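**Q** Just passing along the structure, written as structure tokens.
The values are calculated or read from the model by the stated rules, or taken from the named source; none is laboratory data. Predicted, not measured: the structure shown is a model, and the values here were computed from it. Here the Cβ positions follow ideal geometry from the backbone for every residue, glycine too, while neighbour counts run over all protein chains shown.
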């Protein structure tokens, strides 16, 4: 269905913008080809942010090329240039396009929301009242919708003006001056939470391969990235903080290997923080009778819903995946069997997720003072270093990527599994599989500090040098998959 909506009461500026784009519509493909390197990179990152097969609304869609590149299951484009929409309909008959002024309060009422993603690519520079537009879009969102705003840095205005003057860039009208911090502020005023920000393309041309090298190896560096031409802000609607009528169920997955002395305490010390809790032990070929202890504890506590599995593969990551596959709870939680993250802290993680404060809850051991024997000195230094490194790589604040306790909705875990092909089955720890997947899905990530305790039974299964080397490889992997493309 392609409906033409009447446009009323355009300001003089809006009339000038519409006239310009009506004139440019037949030539836009030529301009895009002239700057193909820039647009190819922009679309590649937009496809990273927005998986194929989603319901996508684009405000200011132009001729529909970006919307088509996202391969939506249901794609809707809105633009007040009738000529742009005519070209879009002819080029992409499988998508839905409307001639409408998105800033008119009634213009978007015909849309069939909610949408998984709402895209505003450069159009933010042409809006009369950005905050009002953001607020108006709430009616087309759900709690899982992501708003993606792509724009350019005004530090580039002199070069862009020169490029336009010599004919390398499509003509434009004066744009709103909106750095990412100001876009984030407007979104906050309109009741959105910022999920991520990113800066890309320090050199927007190939330059015989030199531009590609600079964009891969130099542009992502801290400080320098703020000089990039292109920036992106992803936000979600602020969730309702009220306690839901029905609190969700929970599955606590406990990977365990040679942890016989901790199994019963894992059950006894787990509070009744949800109306329905199951505890899933996944045992990993122990030599101290851990599996038999899990079975004994299961029989000794018939009032608790306890399940016991033995993993076929090796490593914590494999054990976690087996536990997640068996989980039935709305919320899935990881509790390391060494109990250095106290089970008594699980209610904090549960509340943060169930009450909408975040969508992926990561524990951090590096805020409160810890027991003297809880973490070796070199491990402590390395964990702080990896926290800083991964915060930069992920554009999310992570003080402790290797804290074993991570909590998320089971439905989001299945979305991570569905998108796992992007990163691959690479992670022996299990932590990064979840972290990278959550970042890829633009989940709101929140850290919960815990008081890290020393072991009361057994020995650490972390090898500083073997696992340290694996972590360095993980850093390089994260850079390649999240920055260097």
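**Q** Would you mind finding the one in 329, 323 that is modelled with pLDDT of 95 or more, surrounded by 17 or more Cβ atoms within 10 Å (Cβ to Cβ), in a helix (DSSP H, G or I) and touching a strand residue (DSSP E or B) at 6+ places or on another chain (Cβ under 9 Å)? Write out each step before concluding.
**A** Details: 329 fails: in a helix (DSSP H, G or I).
When all the criteria are applied, what remains is 323.
**Q** On to the next question. From the set of residues in segment 268-294 that are out of contact with any strand residue (DSSP E or B) (no Cβ under 6 Å at 6 or more places or on another chain) and part of a helix (DSSP H, G or I), which is surrounded by the most Cβ atoms within 10 Å (Cβ to Cβ)?
**A** 293
**Q** Across segment 133-186, what is the number of residues that are without any contact (Cβ under 8 Å) to a residue 12 or more places away in the chain and within 25 Å of residue 443 (Cβ to Cβ)?
**A** 3
**Q** Of all residues in segment 9-24, how many are surrounded by 15 or more Cβ atoms within 10 Å (Cβ to Cβ), modelled with pLDDT under 90 and part of a helix (DSSP H, G or I)?
**A** Step one: filter segment 9-24 for residues surrounded by 15 or more Cβ atoms within 10 Å (Cβ to Cβ), giving 10, 14, 17-18, 20-22, 24.
After this cut, where a residue has to be modelled with pLDDT under 90 as well, the list is 10, 14.
Remaining after also requiring part of a helix (DSSP H, G or I): 14.
Qualifying residue count, segment 9-24: 1.
**Q** Something else: Considering only residues that are surrounded by 14 or more Cβ atoms within 10 Å (Cβ to Cβ) and farther than 21 Å from residue 434 by Cβ, look in segment 301-316 and name the one that is farthest from the chain's Cα centre (by Cα).
**A** Step one: filter segment 301-316 for residues surrounded by 14 or more Cβ atoms within 10 Å (Cβ to Cβ), giving 301, 304-311, 315-316.
Subsequent filtering for residues that are farther than 21 Å from residue 434 by Cβ retains 301, 304-306, 308, 310.
Details: 301: 39, 304: 35, 305: 33, 306: 32, 308: 32, 310: 32 Å.
So, considering only residues that are surrounded by 14 or more Cβ atoms within 10 Å (Cβ to Cβ) and farther than 21 Å from residue 434 by Cβ, the one farthest from the chain's Cα centre (by Cα) is 301.
**Q** Checking the structure you have, find out if any residue of segment 58-73 is assigned to a strand (DSSP E or B), within 21 Å of residue 196 (Cβ to Cβ) and touching a residue at least 60 places away in the same chain (Cβ under 8 Å). So that I can check it myself, show each step before the final result.
**A** Of all residues in segment 58-73, those assigned to a strand (DSSP E or B) come to 58-59.
From what is left, the residues that are within 21 Å of residue 196 (Cβ to Cβ) are 58-59.
Narrowing further to those that are touching a residue at least 60 places away in the same chain (Cβ under 8 Å): 58-59.
Within segment 58-73 (the criterion being assigned to a strand (DSSP E or B), within 21 Å of residue 196 (Cβ to Cβ) and touching a residue at least 60 places away in the same chain (Cβ under 8 Å)), the answer is yes, since at least one residue qualifies.
**Q** Another question about this same structure. Select from segment 173-186 the residues that are over 15 Å from residue 123 (Cα atoms) and buried (at least 16 other Cβ atoms within 10 Å of the Cβ) and list them in ascending order.
**A** Passing the criteria: only 184.
**Q** Would you mind finding the one in 289, 261 that is outside the structural domain of residue 145 (by TED's automatic domain parsing) and on the phi > 0 side of the Ramachandran plot? First the steps, then the outcome.
**A** Values: 261 fails: on the phi > 0 side of the Ramachandran plot.
One residue alone meets the criteria, 289.
**Q** Anything in segment 416-436 that is buried (at least 19 other Cβ atoms within 10 Å of the Cβ) and over 16 Å from residue 396 (Cβ atoms)? List them, or say none.
**A** Correct list: 427, 429, 430.
**Q** What is the residue count in segment 228-254 for residues that are at pLDDT 95 or above and farther than 24 Å from residue 50 by Cα? Walk me through how you get there before you give the answer.
**A** Filtering segment 228-254 down to residues at pLDDT 95 or above leaves 228-237, 248-254.
With farther than 24 Å from residue 50 by Cα added as a condition, the list becomes 248-254.
Result for segment 228-254: 7.
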